[in-house]
Amino acid sequence: MQTLAVDIATTFVDDATALVTGLGRAVLKLAMAPIDRIANACDIAGVLTERRATFRMWRANRSHARREGRRFSLLGRLSPFRHLAHLT
């Protein structure tokens, strides 16, 4: 049985991780906004919208595996190259 102190510490660490992740995503979104606008303006064939839809379906299917307790590093979540893993 966990003690109250361990439970509070775990909750604090989880909340701090979620806060840092959220702030990192907000900063990354702000920094990448001009590049996204240029990419959307240059996307004539609709390739980007198709990739986004495919990624959303892939992420929805993966959410079940993530609930089983596997955690990802903070650096991997904030990496601007995380969506290019299929190219390797």
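Considering only protein heavy atoms, what is the solvent-accessible area of residue 55 at a probe of 1.4 Å, reported in Å² to the nearest 10?
Number for this one is 60 Å².
Show me, for segment 8-22, the HN-Hα J-couplings you get by feeding each phi into the Karplus relation (A = 6.51, B = -1.76, C = 1.60, θ = phi - 60°), rounded to Hz, glycine and proline as x.
5, 5, 5, 4, 4, 5, 4, 5, 5, 5, 5, 5, 5, 5, x
Provide the net charge surrounding residue 57, with neighbours chosen by a C-beta distance below 13 Å and charges set as Lys +1, Arg +1, Asp -1, Glu -1.
On the way: positive: 51, 52, 56, 59, 62; negative: 50.
Here the charged neighbours net out to +4.
The values are calculated or read from the model by the stated rules, or taken from the named source; none is laboratory data. What you see is a predicted model; the values in this text were computed from it and never measured. With ideal geometry, Cβ positions are generated from the backbone for all residues, glycine too; neighbour counts draw on all protein chains shown. Ligands, DNA and RNA are excluded from the accessible area calculation, which covers all protein heavy atoms including side chains. Shrake-Rupley method; radii C 1.70, N 1.55, O 1.52, S 1.80 Å.
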